[in-house]
Amino acid sequence: MTEADSEKVDLRSEIPRFKPATPPAAFGEFVENMRRLQDLAVSIDAPDEVYAAAQEKTAELIELLAPFEAREGKGPANRSMQLPGRGSLLMPPWKVEKFDEESVVATGVLRRYHLGGGGVAHGGVLPLIFDDNFGMVVYAAKRPISRTAYLHVNYRKVTPLNVPLAIEGKVDRVDGRKTFITARLTEEDGTLLADGEGLMVQLLPGQP
Ligand SMILES: CCCCCCCC/C=C\CCCCCCCC(=O)SCCNC(=O)CCNC(=O)[C@H](O)C(C)(C)COP(=O)(O)OP(=O)(O)OC[C@H]1O[C@@H](n2cnc3c(N)ncnc32)[C@H](O)[C@@H]1OP(=O)(O)O
């Protein structure tokens, strides 16, 4: 086995082996500031000179960070389990509360940068939350490395912003390479906002 192979989660795929990261506190604070910036970027109505100053400051930040871009699985983003959204800006800043063979539960809020229209969450954010949950359910249930073949979301009620939410997903049934997952997105009082069903298919040798 080569060194590159030992970095893969499975020799059948190019997906890097999952290695939890424990970055210094400043990384988590930086990611949270970036989220706040996203909230502001989608909501500000500022004078021209403020946009110009903001553009200059972000250009400086890009110059600071660009030399440190690293390949998937190397930097702390996406694998810092103690941080909201595993420290990934792509993910809503949710925390994993339960992670075992029975189910995976994550809780958190959606915020201004998740706005669709009319004060509620963009519908496209929900499949992201469901897909991530399905991925974790497969991992927690110790099923083989799989990819999402389909994902169906039923939107039962509009999803509010800045309100505590929870998603719980579990394996519904297994059929050969296929793992069927179901999940529910609820408010704290149990109100059902959306439910979803997905098919995760075990990868074959050579599948990316
Ligand atoms: C302290 C420890 C902490 C640990 C923490 C761990 C944290 C975990 C870290 C992170 C978790 C979060 C990670 C998220 C991950 C999410 C996953 C994704 O989003 S993956 C991206 C989106 N998906 C794709 O891009 C797939 C693209 N599609 C494909 O690659 C192929 O189509 C694939 C592999 C899905 C299937 O292709 P084929 O050629 O291998 O297989 P065929 O023969 O087509 O299907 C196999 C069976 O499945 C059925 N099937 C396939 N697609 C179907 C469909 N759309 N609908 C119904 N059936 C379907 C078929 O009918 C067949 O069934 P029959 O065996 O005949 O019974």
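Bear in mind that the values in this text are calculations on the coordinates, not laboratory data. Note that the structure is a prediction, hence the values are computed from the model and not measured. All Cβ positions, even for glycine, are placed from backbone atoms using ideal geometry, and neighbour counts span all protein chains on display.
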Residue-by-residue Karplus 3J(HN,Hα) for the stretch 86-98, coefficients 6.51, -1.76, 1.60, Hz, glycine and proline x: 6, x, 9, 5, 5, 7, x, x, 9, 10, 7, 9, 9
Where GluC sites (Glu not before Pro) fall in DSSP loop in the stretch 104-208, at most 13 other Cβ within 10 Å: GLU188
Per DSSP, loop chymotrypsin sites (Phe, Trp or Tyr not before Pro) in the stretch 15-65 with at most 15 further Cβ within 10 Å: PHE18
Gained length - GLN55 relative to LYS95, 0.36 nm times residue gap less alpha-carbon distance: 11.2 nm
Rg over Rh, two decimals, the chain (C-alpha only, Kirkwood Rh): 1.00
Number of Lys pairs (Cα under 20 Å; 8 or more positions apart or on different chains) in the chain: 13
Protection-proxy order for peptides 175-186, 125-136, 57-68, each taking the mean of Cβ atoms within 10 Å per residue, highest first: 125-136, 175-186, 57-68
Ranked list, fewest to most other Cβ atoms within 10 Å of each Cβ, for LEU199, LEU90, LEU40: LEU90, LEU40, LEU199
